[in-house]
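The values are calculated or read from the model by the stated rules, or taken from the named source; none is laboratory data. From a predicted model like this one, the values you see are computed outputs, not experimental measurements. Positions of Cβ are generated from backbone atoms using ideal geometry, with glycine treated the same way; all protein chains shown enter the neighbour counts. Accessible surface areas use protein heavy atoms only, side chains included; no ligands, DNA or RNA. Shrake-Rupley method; radii C 1.70, N 1.55, O 1.52, S 1.80 Å.
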Amino acid sequence: MSLMKRLLKMAGKESLRLDSDISAGYMWMLFREYGLMMVRGRRLALGRRHIANDIFAGRRVKILEKEKLLVGSKTMLHDFVYIDALSRDGVILGERVVLGRGTRIECSGSLSRVGKGIRIGDRTTFGNDCFFGAAGGITIGEDVIGGQYIRFHAENHNYSKLNALIREQGVTQQGIKVGNNCWIGSGAVFLDGAELGDGCVVAANAVVTGTFPENTVIGGIPAKELKKRGEQKL
């Protein structure tokens with residue numbers, strides 16, 4: 001086995017076929033960064049059996065309540081990822097999950113009410129600067145592809161009483177669910193109660209509020225069904 005293939009295997013990318021236009025210098029620079037991330041990952045996992053010792057951690061990754069965090073093998077937390085795992089069910093990241101640079105997970109919206117938490121399935125990836133507000137619970141399946149700046153808000157404020165401050169009327173928490181093998185475009189927003197079946201596609205900047213069955217393509221504000229995968233546009 002060549003050194004390059006060994007390095008790819010260490011990074012969890014053994015099936016990757018490199019484009020011929022990628023120079024050896026670029027790859028060595030990339031693997032140098034991956035090597036540093038492996039060292040930081042080992043340091044993060046030290047003494048914690050619920051965090052795999054072969055994860056990758058970028059610069060200035062910050063974790064609060066590490067005992068509530070479970071991380072699977074070869075998961076990658078890029079630079080400036082922030083996870084506040086204070087929650088009832090914890091933060092569970094499967095194997096080979098990728099959280100892009102600047103992504104934040106916050107499980108409790110208030111110290112007076114600890115939130116539920118979040119589970120992200122194996123091989124699911126999100127781009128840079130995503131936000132997961134998981135007070136009401138977020139469940140994301142396996143093999144999901146997410147772009148940049150995606151936001152999840154699993155909590156909603158009550159506001160119906162005119163003689164009371166909105167901030168004093170409490171919240172509702174229905175939770176958010178995303179099935180397996182979904183593609184979520186950049187800038188999409190998921191509000192409390194949103195649910196996607198397996199194989200759904202979400203257009204960029206859509207605002208998802210309802211429930212959509214499997215293999216549905218949705219978009220708009222609020223998001224509506226555009227078509228079914230494999231069908232012509234409605």
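Long-range amide H contacts for Val201: which residues qualify at under 5 Å (H placed 1.01 Å from N, peptide plane, sequence gap of 5 or more or a different chain)?
Trp183, Thr216, Val217, Ile218
If you build a Gaussian network model of the chain, linking Cα atoms that sit under 10 Å apart, which residue out of Glu33, Glu155, Glu67 swings the most?
Greatest mean-square fluctuation among the candidates belongs to Glu33.
The stretch 135-234: which trypsin sites (Lys or Arg not before Pro) are DSSP loop and have at most 16 other beta-carbon atoms within 10 angstrom?
Passing both the DSSP loop test and the Cβ count: Lys161, Arg229, Lys233.
Assign unit charges at the C-beta atoms only (+1 for Lys and Arg, -1 for Asp and Glu), then state the dipole size of the stretch 1-157 relative to its Cα centre in Debye, rounded to the nearest 20.
My answer is approximately 520 debye.
Simple spin-label model, 7 Å along Cα-to-Cβ: Glu67 to Glu214 in nm?
Going from the Glu67 label point to the Glu214 one covers 4.0 nm.
Stokes-Einstein at 20 °C, 1.002 mPa s, Kirkwood radius from Cα pairs: D for the chain in µm² s⁻¹?
114 µm²/s
Using a 1.4 Å probe over the heavy atoms of the protein chains, calculate the carbon and sulfur portion of the accessible area of the chain as a whole percent.
Carbon and sulfur together cover 51 percent of it.
Considering only the other residues whose Cβ falls under 12 Å of the Cβ of Phe80, what net charge follows from Lys and Arg at +1 and Asp and Glu at -1?
+3
Distance in nm between label sites at Glu231 and Arg60, each 7 Å beyond Cα in the beta-carbon direction?
So the two model labels end up 4.8 nm from each other.
Using the Cα atoms as the points, what is the convex hull volume per residue of the stretch 126-182 in Å³?
Here the figure is 86 Å³ per residue.
Whole-Hz ³J(HN,Hα) for each residue in the stretch 111-116, computed from phi via Karplus 6.51 cos²θ - 1.76 cosθ + 1.60 with θ = phi - 60°, x for glycine and proline: what do you get?
After applying 6.51 cos²θ - 1.76 cosθ + 1.60, I find 6, 7, 8, 5, x, 7 Hz.
Counting only residues 5 or more places away or on other chains, whose amide H sits under 5 Å from the amide H of Ile176 once H atoms are built in the peptide plane?
Ile138, Thr139, Gly193
Which value does Rg/Rh take for the stretch 14-55 over its C-alpha atoms, Rh per Kirkwood?
Ratio value, two decimals: 1.16.
Please name whichever of Val81, Phe131, Gly147 sits farthest to the positive end of the charge dipole of the chain, dipole taken about the Cα centre and charges placed at Cβ: Lys and Arg +1, Asp and Glu -1.
The residue sitting most towards the positive pole is Val81.
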